[in-house]
Every structure is written in C-alpha cells, then in structure tokens.
Amino acid sequence: MNDIISFIIPTYNRAHFLPEAIQSVLDQTAVNWNLIIVDDGSTDDTKKVVERYLRDPRISYSYQNNYGVSVARNKGIDLSIGDYLIFLDSDDQFFPELLTKLNEIKYRNYDLICWQVIKKVTGKSSVLKPRKLEKIYNNITAIFLSGSICYRKKILLEAGGFDPKMTFGENYELGMRVTEIADLKMKIINTPLIKYRIPQDRVSNSVENRLNSYLHLYQKHKIKFLQDKVSNSQMNYLLGYVHEKQGNLDEARIFYKNSLKSSYRNYKAILKFIYFNIFR
C-alpha cells in the first residue's frame, strides 16, 4: 500500500500538445504522484519532446507499436506503481490543485472519484458535471471522460482493463464493466479539475473508428442494451448516424428505425425516420 497516484498519458503524434499535458502534472500542488507516458507508435517528435522531462525520476517513458489507445492505457496500468490511477489524454491539462483536492477528501476511502470538466471544442468552453447515468451503468452518478476520474487500481484490474478493440469511447465501455462491481464507493468533487480539449484532427474521432467501436460495443453488451430502452435507442441512433456518414444509407435506415422502435421519445430518431422515408 502506498500514497502514490499514477498518472498515465497514452499518446500518438501529439508532440505539439504533450508538453502542456506533462507540465500540468508537474504543476500539481501535491507531490504524491508518478507519471507514465506510453507512446503508441508516434512518428513525430514525441520521443524528443519527452526526453527533456525524464531527468525527473517520477516520469517514465515507454514506446510500443501502434496498437491503439486501449492497449496503451493497459500498458500504463501494468507499469503503474500507484494504488490509484488517473488517465490523461495528451492534449488535455489538469488544474494544479487536483491532487491536493484528492488528498483533502482522503481518496483512499473510495473506489472511484469523479470531478467536473471544462470541455473546449473549436474555441467554445462548457462545463461537464458528473450526472446520473443510464441503467447500463447501474444508474450511478459519475463521468467517465479521460482525466475526469480517479480509479482504485484493484477495481480496474477486476473489471479487466480497457478493451483493445475499442478505439473510440473506450472509457465509457470500461465504465459499463466497472459499474457491475458490487458495493462501489464513489465520491464526487463539484469542482472543475481538468481542461478537456477536442482537436479537429484527433484520430479516434474518425467516422471509421467510431463505427467499428460502436458495432463492437453493441454486440459485446447487447443484452444490457436491450434491457435499457433509452440506451438502446441512443446506441442505434449513433450506429445509424455513423453509417449515414459513411454513405451506408440502407444500414443507416435500419438503425434509425430500430432506434425509434426502442424509444418513441427519441426526437432525433423521429426526425431521421421522417427524413429517410420522405427524402430518401
């Protein structure tokens, strides 16, 4: 047992953002941390950028071939020395008081600790707060964005870590399995403690990545989705949307129809159903 919290940064071709992410760890007002940077096969100057930080013994660097973000996260788990883990995307930044806040609430009393997020997209900022999630998450109040949650390492290992087949939405897929664990001890910090940025060129946001991940997610957890009409409707809508973006209009029509059948209150599905039946 130790008081170290391991930060894990998986990164791929983010040399221009990475220094800000690393510095946000170095700027923590508490010192009970170590940092593991897992390079998922970058072809830019990532290694050169990281080298200047390795003089700090709390920071380590590991390179792997490009296997995807979930494999990189799992490698970070394997290399971690802390009993608690926090993941940070390489284009995001923690606020300096994060660790101090965790120490103040005696984080070791909990399995999951969540906090608010400042989300920035194309220059516009908004605050995301932990909220009551759907039945597929056992209706817990949480947020599973990268950097918004601290995990007891034992809980992550019990849940099986990240699914290597998930290249988009991997944090929430993991959350579905984590929330199956009985008697989770949760804590919410009602303060923003991370700036979460979504660059336009983030590879994981590609339509192909989203489609493959959504299809895998739906097949893997289909029983859970079918038991939750609202989540099932949302998932079918997303599958219809990415199929439409890919130009697979027949498949999109089927998923939009299934979305509407699952929940007639999904107004987006209603609009898509009308559009496809009148204009397509």
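The values are calculated or read from the model by the stated rules, or taken from the named source; none is laboratory data. Being a predicted model, the structure only gives us computed values, none of them experimental. We place every Cβ from the backbone using ideal geometry, glycine too, and count neighbours over all the protein chains shown.
Below are the figures for this structure:
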item: The stretch 146-192: number of residues that are among the aliphatic types (A, V, I, L, M), in contact with a Phe, Trp or Tyr (Cβ under 7 Å, 6 or more places away or on another chain) and within 24 Å of residue 66 (Cα to Cα); result: 1
item: Only listed residue being touching a strand residue (DSSP E or B) at 6+ places or on another chain (Cβ under 6 Å) and outside any strand (DSSP E or B), chosen from 62, 24, 42; result: 24
item: Residue 252 vs. criteria outside the structural domain of residue 162 (by TED's automatic domain parsing), modelled with pLDDT under 90 and buried (at least 19 other Cβ atoms within 10 Å of the Cβ); result: no
item: Residue list for the stretch 20-48, restricted to those being of a type in the set (A, V, I, L, M) and either under 20 Å from the mean Cα position of the chain (by Cα) or crowded, with 16+ Cβ neighbours inside 10 Å (or both); result: 21, 22, 25, 30, 35, 36, 37, 38
item: Residue in the stretch 11-19 that is crowded, with 24+ Cβ neighbours inside 10 Å and outside any loop (DSSP other than H, G, I, E, B) present; result: yes
item: Failed condition for residue 209, given (1) closer than 23 Å to residue 129 by Cα; (2) surrounded by 17 or more Cβ atoms within 10 Å (Cβ to Cβ); result: (1)
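This table checks each residue for (1) of a type in the set (A, V, I, L, M, F, W, C); (2) in contact with a strand residue (DSSP E or B) (Cβ under 7 Å, 6 or more places away or on another chain).
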position	(1), (2)
134	no, no
157	yes, no
165	no, no
168	yes, no
183	no, no
193	yes, yes
205	no, no
214	no, no
